[in-house]
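As structure tokens, the structure follows; a few thoughts come after it.
The values are calculated or read from the model by the stated rules, or taken from the named source; none is laboratory data. Computed from a prediction, not measured in an experiment: that's the story for all the values here. Backbone-built Cβ (ideal geometry, glycine too); neighbour counts: all protein chains shown.
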Amino acid sequence: MAVIRILPDKVANQIAAGEVIERPASIVKELLENSLDAGATKIEIEFKNGGRSLIKIEDNGSGMSREDALLSIERHATSKIKNAGDLDSITSFGFRGEALPSMASICRFLLQTRTENEDHGTEILVNGGKVVHVKECGMPVGTRIAITQLFNSVPARRKFLKTDRTEAAHVIQNSRLYALANPQVSFTLIEDSRTIFQSPVCPTLLERVTEIFGKQIGQQLLPIESEDQGLGLSGLIGKPGVGRSSKHEMITFVNHRPVDNRTIGYALIESYHTLIPKGRYPLAFLFLDIDPAGIDVNVHPAKKEIRFRDEGRVRSFIIRSIMEHLRPKEASMITSSSSVSNKMPSGQSKNIPVVPPSRSSSAEVKSIEKRDKPMRIVEGKSMVKGKDIKSQPIPEILPKSRTPENKSAKSSDRTEKSMESPTVPPNNISEWRHLNSIKGGYSLFETVSGLVVLDHRSAHERVLFERLKVQYETSASATQKLLLSVPFELDPIESVMLADHQSFFGRHGFEIAPFGRNFFRIEGIPSWLEPGKAEDFMREAVNLIRQGRISEAKPDLATNELVRLVLKQTVFEGDEVKPKEAVSLLEQLFACQNPHTSASGRPTYIEISKGELDRRFQKRLSRGQLDVDK
């Protein structure tokens, strides 16, 4: 057995750095928290090469004396807590005393600081955990920390860093979070000697949100203010009907600390249950104020997560508060939509968006969520967003089970199979006789072996999926130039991801041009996409990139995901189809490589064998049983 020994301080600091310092953005986060705890009203952040070459943060906070500055680079030295009881009432951002010594052990660390009562400042230089010098320096009141040569003592850690653009995006995102949490503080962010974000002191949260995320998002928000027995909720929430394709704009703070908490997230989503479409997420900038004794902020080394002592109470408070603020707005939207509709002259189009009222019955809510727009199938054509996509010849890629050599297969092999599992159909589709089309988007066919129920929507999805997939794999998609380009803005991380995948979207018919920092213009789109839906489509596509489902490294899988996203743009018009249209859809379906399921995995048809029908109607008599009909 190995001998147990106490680790040297340098090794212990580097281990702590592995938990606290994941990437350059983690350093920015820790230093920003120290500046805010010091009472700073002005903070300047500068970094170069994604933080690899330089990270410098300067504030006008209270500063430190020489003795405190030397203690700050020692492990577990902190001014935030004194005893174990203080952990139950933490009101500061930092409290562990591990951040500065951890940083100093993995880089060249320069600390300059001065208090208001001193005539000169103190400068401390540490390189790889070793103190190089401690001396006096000229310095205004506050603290300045400069970090260079990141991970110089642990070069293996540098291999795990992403590209400079990706690391810079995370630094910017972290800085924006703390700027949101503290509108009373002036923030300046400089990348590679270029100012990319500068916000003075903002009297309201809405002004800070507008500066960071743009006026378009600011116009979609409602203020919220609520209190109840030691709990307070404030901030901005999205209006009814305003949703996002991802959770990245559900930004939540607890006691002004940016956190990602499941309890708050689920409460937000549940509050908008009937107000935004299923699969969309609300837009929110929420601040929850709670007694520090009611939360545990010491459950994650980087303080990214917190734990509530009474999650049920917090969850119900958030849901109740949000719904109380949304109901009046929802009712006013319905009333205004109705009045506008009534004033319209007869025959005029009434494309006024109406938000459905809240439903008390869960059955009604489910029926709204599952309601699909009906489908119209035109023989030889597929309807996408009201446009006709002309049928393109699909190569003969039928499975062996439908080749002429298999004609001798007996239908009796399928007689006892389950209704839910689609079986291989007979070779000659013309032998199927169309009986009728029923409401709900289904067609009934009589076959030699029984009855087949065809789902129009699933079949149409499969046909369109394989048609577009073949088109994308054989040649680049044609681009339709827009008369007026569509501008849109993304957050820093999404901007980097879109820039890295521009060639992928170019091959699929999109023409996207950068238009400033985090801004883009859609100048061309594929023929199947409406210009009015281009921005929403691109946002959802970027969200798939962020989830790792679209990647240049896996072009085939990326194309599949993009085509599935195209299917969401499909508009189904009409409920019942004519016999010729149903037969045409059936023929197109069985020309596909995989006709049994839709692109999303749902069955395209089910077969009920004659044996199954006999069993359901109890027509199969057991041996020796008396036939009462005789």
*Identity of the residue in segment 17-39, under 33 Å from the mean Cα position of the chain (by Cα) and within 20 Å of P140 (Cβ to Cβ), that ends up surrounded by the fewest Cβ atoms within 10 Å (Cβ to Cβ)*: D37
*For the subset of segment 1-24 comprising residues that are part of a loop (DSSP other than H, G, I, E, B) and among the basic types (K, R), which member is modelled with the highest pLDDT?*
R23
*In this structure, is I106 farther than 15 Å from V141 by Cα, among the aliphatic types (A, V, I, L, M) and either without any contact (Cβ under 8 Å) to a residue 60 or more places away in the chain or not in a helix (DSSP H, G or I) (or both)?*
yes
*asked:* Could you check segment 206-222 and list, in sequence order, the residues that are touching a Phe, Trp or Tyr at 6+ places or on another chain (Cβ under 8 Å) and either within 28 Å of G51 (Cβ to Cβ) or of a type in the set (G, A, S) (or both)?
replied: V209, I212
*State all residues of segment 179-198 that are in contact with a Ser or Thr (Cβ under 7 Å, 6 or more places away or on another chain), surrounded by fewer than 21 Cβ atoms within 10 Å (Cβ to Cβ) and of a type in the set (G, A, S); if no residue qualifies, say none.*
S186
*Flag for E67 being closer than 28 Å to K162 by Cα and acidic (D, E)*: no
*Enumerate the pairs (first residue in segment 21-46 and closer than 14 Å to T188 by Cβ; second residue anywhere and aliphatic (A, V, I, L, M) and assigned to a helix (DSSP H, G or I)) with beta-carbon separation below 6 Å, excluding pairs fewer than 6 apart on the same chain, so at least 6 apart or on different chains.*
V28/V171
*In segment 273-324, the residues that are β-branched (V, I, T) and either free of Cβ contacts under 8 Å to residues at least 60 places away in the same chain or in a helix (DSSP H, G or I) (or both)*: I276, I295, V299, I306, V314, I318, I319, I322
*Top-ranked residue in segment 439-490 [being within 32 Å of the chain's Cα centre (by Cα), assigned to a strand (DSSP E or B) and of a type outside the set (D, E, K, R); ranked as nearest to Q216 (Cα to Cα)]*: F488
*Could you please find all residues in segment 236-253 being under 17 Å from I264 (Cβ atoms) and either surrounded by fewer than 18 Cβ atoms within 10 Å (Cβ to Cβ) or out of contact with any His (no Cβ under 8 Å at 6 or more places or on another chain) (or both)?*
L236, G238, R244, S246, K247, H248, E249, M250, I251, T252, F253
*Looking at (1) buried (at least 19 other Cβ atoms within 10 Å of the Cβ); (2) in contact with a helix residue (DSSP H, G or I) (Cβ under 7 Å, 6 or more places away or on another chain), which is the only condition R257 fails?*
(2)
*Kindly indicate whether F213 is out of contact with any Leu (no Cβ under 7 Å at 6 or more places or on another chain), aromatic (F, W, Y) and at pLDDT 90 or above.*
no
*Looking at (1) farther than 27 Å from I545 by Cα; (2) in contact with a Phe, Trp or Tyr (Cβ under 6 Å, 6 or more places away or on another chain); (3) buried (at least 20 other Cβ atoms within 10 Å of the Cβ), which is the only condition S271 fails?*
(2)
_Enumerated strands (runs of 3 or more DSSP E) restricted to segment 156-228, each holding at least 1 residues that are free of Cβ contacts under 8 Å to residues at least 40 places away in the same chain and more than 22 Å from the chain's Cα centre (by Cα)_ = 194-199, 221-228
_Selection from segment 537-565 of residues that are touching a helix residue (DSSP H, G or I) at 6+ places or on another chain (Cβ under 9 Å), assigned to a loop (DSSP other than H, G, I, E, B) and among the charged types (D, E, K, R)_ = R549, E552
*So G121 fits all but one of (1) of a type in the set (G, A, S); (2) touching a Leu at 6+ places or on another chain (Cβ under 8 Å); (3) without any contact (Cβ under 8 Å) to a residue 60 or more places away in the chain; what number is the exception?*
(2)
_Given the condition in the same structural domain as L31 (by TED's automatic domain parsing), touching a strand residue (DSSP E or B) at 6+ places or on another chain (Cβ under 7 Å) and among the β-branched types (V, I, T), answer yes or no: does some residue in segment 108-120 qualify?_
yes
